[in-house]
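Here is the structure we will look at, set down as structure tokens.
The values are calculated or read from the model by the stated rules, or taken from the named source; none is laboratory data. This one's a predicted model, so the numbers in the text were calculated from it and none came from an experiment. Here the Cβ positions follow ideal geometry from the backbone for every residue, glycine too, while neighbour counts run over all protein chains shown.
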Amino acid sequence: MSPRAAWLLEALGFTDVSHYLGGISDWIGAALPIEGLLAEEATIGARARRDVTTCQLGDPVEGILERMGREAYAACFVLNDEGVLLGRIYRSDLRAGRGPRAADAMRPGPSTYRPDVTARDMLARMREHNLHTAPVTTSDGRLVGLVRRRDLVRAVEPEREGSSPKAS
Amino acid sequence: MPKTIGREDVRRLAAAGAQIVDVLPPEEYAHAHIAGAMSLPLKELTPELARARLDPNRPIVVYCYDPT
């Protein structure tokens with residue numbers, strides 16, 4: 001559709017016309033600013049926690065375990081130089097002696113979710129699959145953050161949050 | 001010939017003052033559009049409307065849903 005629009009505008013005399021190949025789906029998938037109804041809805045991109053532990057393939061596992069010990073999450077995300085998510089290392093993996101580098105210890109290819117998934121849909125999915133956390137990535141694989149079921153309950157069902165201390 | 005560009009080019013052009021144009025139907029635009037984009041649905045894109053809404057002296061970036 002947009003290539004035809006670009007050609008039409010050129011035919012009408014506009015001389016500097018470009019066509020964005022990825023379109024709105026690519027833009028939303030990269031967690032870039034949008035407007036409209038979707039922008040007013042709680043999405044997991046907005047709710048994802050950015051303060052997750054990350055490392056690179058060549059990092060020694062000792063340092064990772066030390067950092068995870070100081071931080072709140074049970075997993076470390078392995079990224080490349082571009083911020084693309086390659087794998088996940090659980091604290092239990094490190095305690096079990098996996099290593100010596102992140103590349104040796106990681107579990108490759110974790111399931112990921114796009115930032116434009118609504119909090120409501122994601123909460124239903126997490127309940128269905130008994131997930132408590134899930135990584136959020138852009139459409140080209142870059143880590144946005146970690147969405148927690150507890151945070152989604154707070155966003156979608158605030159009345160439940162106070163009355164359900166075991167929910168996570 | 002119109003240029004085909006990627007996301008980073010769109011961000012750069014938008015920051016430089018380009019006109020970002022959503023050519024999807026109005027209901028799609030209402031659902032979600034690039035922040036700051038204007039709606040000019042392809043099916044309504046007459047010469048009169050284009051000339052009334054667009055500045056010929058500034059770059060224009062058009063987009064729809066995805067590459068398909």
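Of everything in the stretch A:16-37, what is assigned to a loop (DSSP other than H, G, I, E, B) and more than 7 Å from chain B (Cβ to nearest Cβ)? Give them in sequence order. Give the derivation first.
Our first condition is that a residue be assigned to a loop (DSSP other than H, G, I, E, B); within the stretch A:16-37, this holds for A:16, A:21-22, A:30-33, A:36.
Once the filter is applied, which keeps residues that are assigned to a loop (DSSP other than H, G, I, E, B) and more than 7 Å from chain B (Cβ to nearest Cβ), the stretch A:16-37 yields A:31, A:32.
Considering only residues that are assigned to a loop (DSSP other than H, G, I, E, B) and hydroxyl-bearing (Ser, Thr, Tyr), which ones fall in the stretch B:31-46? Explain how you work it out, then say what you get.
Here is the first cut: in the stretch B:31-46, the ones assigned to a loop (DSSP other than H, G, I, E, B) are B:32, B:35-37, B:40-41, B:45-46.
Of everything in the stretch B:31-46, just one residue is assigned to a loop (DSSP other than H, G, I, E, B) and hydroxyl-bearing (Ser, Thr, Tyr), namely B:46.
Residues checked against (1) surrounded by 15 or more Cβ atoms within 10 Å (Cβ to Cβ); (2) modelled with pLDDT under 95:
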residue: A:109; (1), (2): no, yes
residue: A:114; (1), (2): yes, yes
residue: A:119; (1), (2): yes, yes
residue: A:127; (1), (2): no, no
residue: A:139; (1), (2): yes, yes
residue: A:158; (1), (2): no, yes
residue: A:166; (1), (2): no, yes
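Among (1) at the interface with chain A (Cβ under 7 Å from one of its Cβ atoms); (2) hydrophobic (A, V, I, L, M, F, W, C); (3) more than 13 Å from residue A:24 (Cβ to Cβ), which single condition is residue B:61 missing?
Status for residue B:61: all satisfied but (3).
Condition (residue is more than 14 Å from the chain's Cα centre (by Cα), free of Cβ contacts under 8 Å to residues at least 40 places away in the same chain and more than 7 Å from every other protein chain (Cβ to nearest Cβ)) applied to the stretch B:31-39: is it met by at least one residue? Before you say what the answer is, go through the steps one by one.
Taking the stretch B:31-39 and keeping what is more than 14 Å from the chain's Cα centre (by Cα), we get B:31.
Restricting the remaining residues to those that are free of Cβ contacts under 8 Å to residues at least 40 places away in the same chain gives B:31.
If we keep only those that are more than 7 Å from every other protein chain (Cβ to nearest Cβ) too, we end up with none.
No, there is no match, as no residue in the stretch B:31-39 is more than 14 Å from the chain's Cα centre (by Cα), free of Cβ contacts under 8 Å to residues at least 40 places away in the same chain and more than 7 Å from every other protein chain (Cβ to nearest Cβ).
Can you tell me how many residues in the stretch A:48-71 are basic (Lys, Arg) and in contact with a Lys or Arg (Cβ under 8 Å, 6 or more places away or on another chain)?
Filtering the stretch A:48-71 for residues basic (Lys, Arg) gives A:49-50, A:67, A:70.
Restricting the remaining residues to those that are in contact with a Lys or Arg (Cβ under 8 Å, 6 or more places away or on another chain) gives A:49.
The qualifying residues number 1.
What tally of residues in the stretch B:1-30 results from selecting those that are more than 9 Å from every other protein chain (Cβ to nearest Cβ), within 12 Å of the chain's Cα centre (by Cα) and part of a helix (DSSP H, G or I)?
Here the count works out to 1.
Got at least one residue in the stretch A:91-102 being among the hydroxyl-bearing types (Ser, Thr, Tyr) and surrounded by 15 or more Cβ atoms within 10 Å (Cβ to Cβ)? Lay out the reasoning, then the answer.
Let us first name the residues in the stretch A:91-102 that are among the hydroxyl-bearing types (Ser, Thr, Tyr), namely A:92.
Right, trim to surrounded by 15 or more Cβ atoms within 10 Å (Cβ to Cβ) and you get none.
For the stretch A:91-102, residues among the hydroxyl-bearing types (Ser, Thr, Tyr) and surrounded by 15 or more Cβ atoms within 10 Å (Cβ to Cβ): absent.
Please go through the stretch A:75-129 and pick out each residue that is outside any helix (DSSP H, G or I) and charged (D, E, K, R).
Taking the stretch A:75-129 as the starting set, the residues that turn out to be outside any helix (DSSP H, G or I) are A:75-90, A:96-101, A:106-118, A:129.
Passing the criteria: A:81, A:82, A:88, A:98, A:101, A:107, A:114, A:116.
Residue-wise test of (1) surrounded by 16 or more Cβ atoms within 10 Å (Cβ to Cβ); (2) within 15 Å of residue A:34 (Cα to Cα).
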position: B:4; (1), (2): no, no
position: B:8; (1), (2): no, no
position: B:13; (1), (2): yes, no
position: B:22; (1), (2): yes, yes
position: B:30; (1), (2): no, yes
position: B:34; (1), (2): yes, yes
position: B:38; (1), (2): no, yes
position: B:43; (1), (2): no, no
position: B:58; (1), (2): no, no
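Yes or no: residue A:82 acidic (Asp, Glu) and either buried (at least 19 other Cβ atoms within 10 Å of the Cβ) or within 27 Å of residue A:40 (Cβ to Cβ) (or both)?
Values: acidic (Asp, Glu): yes; either buried (at least 19 other Cβ atoms within 10 Å of the Cβ) or within 27 Å of residue A:40 (Cβ to Cβ) (or both): no.
For residue A:82, the condition - acidic (Asp, Glu) and either buried (at least 19 other Cβ atoms within 10 Å of the Cβ) or within 27 Å of residue A:40 (Cβ to Cβ) (or both) - is not met.
Are any of the residues in the stretch A:43-58 at positive phi and either within 13 Å of another protein chain (Cβ to nearest Cβ) or part of a loop (DSSP other than H, G, I, E, B) (or both)? Full working, then the answer.
At the first step, the residues of the stretch A:43-58 found to be at positive phi are none.
Within the stretch A:43-58 (the criterion being at positive phi and either within 13 Å of another protein chain (Cβ to nearest Cβ) or part of a loop (DSSP other than H, G, I, E, B) (or both)), the answer is no, since none of the residues qualifies.
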